[in-house]
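Take a look at the structure set out below.
The values are calculated or read from the model by the stated rules, or taken from the named source; none is laboratory data. Everything quoted here is computed from the prediction, not taken from an experiment. Here Cβ is always computed from backbone atoms with ideal geometry, including for glycine, and neighbour counts include all displayed protein chains. Side chains included, ligands, DNA and RNA excluded: accessible areas come from the protein's heavy atoms. Shrake-Rupley method; radii C 1.70, N 1.55, O 1.52, S 1.80 Å.
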Amino acid sequence: VLQIVKESQQQHGLRHGDFQRYRGYCSRRLRRLRKTLNFKMGNRHKFTGKKVTEEILSDNRYLLLILMDAERAWSYAMQLKQEANTEPRKRFHLLSRLRKAVKHAEELERLCESNRVDAKTKLEAQAYMAYLTGMLRFEHQEWKAAMEAFNKCKTIYEKLANAFTEEQAVLYNQRVEEISPNIRYCAYNIGDQSAMNELMQMRLRSGGTEGLLAEKLEALITQTRAKQAATMSEVEWRGRTVPVKIDKVRIFLLGLADNEAAIAQAENEETKERLFESLLSECRDAIQAVREDLKPDQKQREHSLENDSGKVSNIQYLHSYLTYIKLSTAIKRNESMAKALQKALLQQQRSEEDGKRTPRPQDLIRLYDIILQNLVELTQLPGLEEDKNFQKEIGMKTLVYKAYRCFFIAQSYVLVKKWSEALVLYERVLKYAREVQSGAGAYTNSLKELPDVQDLITQVNAEKYSLQAAAILDANDTHETESPSQVKDGKPLSERFETFCLDPSLVSKQVSLVHFPPGFQPIPCKPLFFDLALNHVAFPPLEDKVEQKAKSGLTGYIKGIFGFKS
């Protein structure tokens, strides 16, 4: 049962949380099964209900009919659960579909009690029914009944896992891990306070809870912190105590230490990245809540600046503190990503997978650019401009990250064989590192979490010698391979067909095939014809053939009267 369910879910939408697609698959499979088994519910005009009984269990596909009915109802309930976040009325329909799924699961369990069904299937049917019953009781918030059902389901799957090989036991153990957070949540609601710590540990190990429990667990954590926040009234930072009146900020500050501890205990980079994103999201929400209180307090804050000689108001100082937490967390996250990329850079020569993009030094340069930008923003926080120790501390951190950024810029130049530029950048790295070492005496505690510059100095010295050797070898290779047959004389390919020459430019984009545009060449001129006979030709007179026009007008009329002729 479990294997069929899991395979169907993974192949038809649940890998991406698409319950509607899975429900459509269940409906189509039900129709195919009924058609194949000739187990149709009437015809087009009339419905005739049929039930699967023990007498017709000659084919195991009859059990699949009941299982697919239960899965279709369950998937519809999970789809409605997603939609109920915005439309609360759909929760009633959700509960109705879950009850329908439990009804089908009970029928499946009843049919599996037949002698025609093996013991393994009987146990899996019981576990499946207990699982759906626990889901229904969980939604009804009947914690005790839900915990009993989940415990029954967990016990059956654990026994099945012990009874079979390791390959077959993986599926059962996965289902046990899915159920365990639900059991702990029910125990917490019944009154077991120790279950809260176990839930937090499960949240870290699994990389975040999924499905039915995810939203409830986050709400539970927020609710627990809200109870503790009622006793929190102020916070102290850099020698100044600031009252905290906003509930959202109190909850965030109370959970800050727990979140940082969770990040430190994270087992893999994916979990650590998720926790960093969660912490930054909560911090942004807290900053937004403070910013909303800052807007109506603008005039009062300006008045405070005038009276206290530049000392910012409490709400503005709290805003600076939260911004400091946000920027510091972003720096730690980027530094964690940089360390992971450095490990990948070291390992990429050992194993390279085809089609997979390998990390480059340019990726690390981008991360360190973001870190340096965050440090610049830290120095500009209101209320900390006059704090000399804070400014010097940020200055030392800036030098450390500049040194690492410069180091990876040099590495990128080494890859393209720009030896002189890389050597100059290595010297700059050593300069930054020595400045950090000379001025780090008073800031040892604050620089403890930063990368060790002494390791960087050792690495740079080794890279310098390696770079010098590579530059010498590269120069020798150039002289050795440069033979008369490889020296280009500037002629295009069309003029040296008879001479063999290794010309790398022939496979480049700027290949020289012919002279273009071609040069000018002398060509014969087009002949000119002169008609010399025309000068010696006498043309006949044409006066007698040309008509003489009479002059018109008043003058011509008078001359005609008196007989004057021209």
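Semi-axis lengths, largest first, of the ellipsoid equivalent to the range 382-474 are 31, 13, 9 Å, with √(5λ) applied to each eigenvalue of the Cα gyration tensor.
Net length available on complete extension from Arg366 to Thr53 is 106.0 nm, with 0.36 nm assigned per residue and the Cα-Cα distance removed.
Surface composition of the range 310-433: carbon and sulfur make up 49 percent of the accessible area, probe 1.4 Å. For every other residue with a beta carbon closer than 9 angstrom to the beta carbon of Tyr22, add +1 if it is Lys or Arg and -1 if Asp or Glu, then tell me the sum. Spelling it out: positives minus negatives among the neighbours equals +1.
The mean accessible area for residues of the range 382-474, using a 1.4 Å probe and ignoring ligands and nucleic acids, is 55 Å² per residue.
If each residue of separation counts as 0.36 nm, what is the full-extension length gain between Ser114 and Ser494 once their alpha-carbon separation is subtracted?
127.9 nm
The simple spin-label model puts a point 7 Å past each Cα toward its Cβ; for Ala475 and Lys311 those points are separated by 6.5 nm.
Tell me, how many Å apart are the Cα centres for the range 41-55 and for the range 368-412? The range 41-55 and the range 368-412 have Cα centres spaced 75 Å from each other.
Accessible surface comparison of Met129, Met135, probe 1.4 Å, protein chains only, largest first: the order is Met129, Met135. Highest-first packing order for the peptide set 110-116, 505-511, 281-287 is 281-287, 110-116, 505-511, based on the mean count of other beta carbon atoms within 10 Å. The order of the peptides 265-272, 518-525, 45-52 by mean Cβ neighbours within 10 Å, most packed first, is 265-272, 45-52, 518-525. Number of Lys-Lys pairs in the range 382-474 with C-alpha atoms under 18 Å apart and a separation of 8 or more places or on different chains: 11. One chain, two ends: Glu277 and Leu95. Fully extended at 0.36 nm per residue, the span grows by 62.2 nm beyond their Cα-Cα distance.
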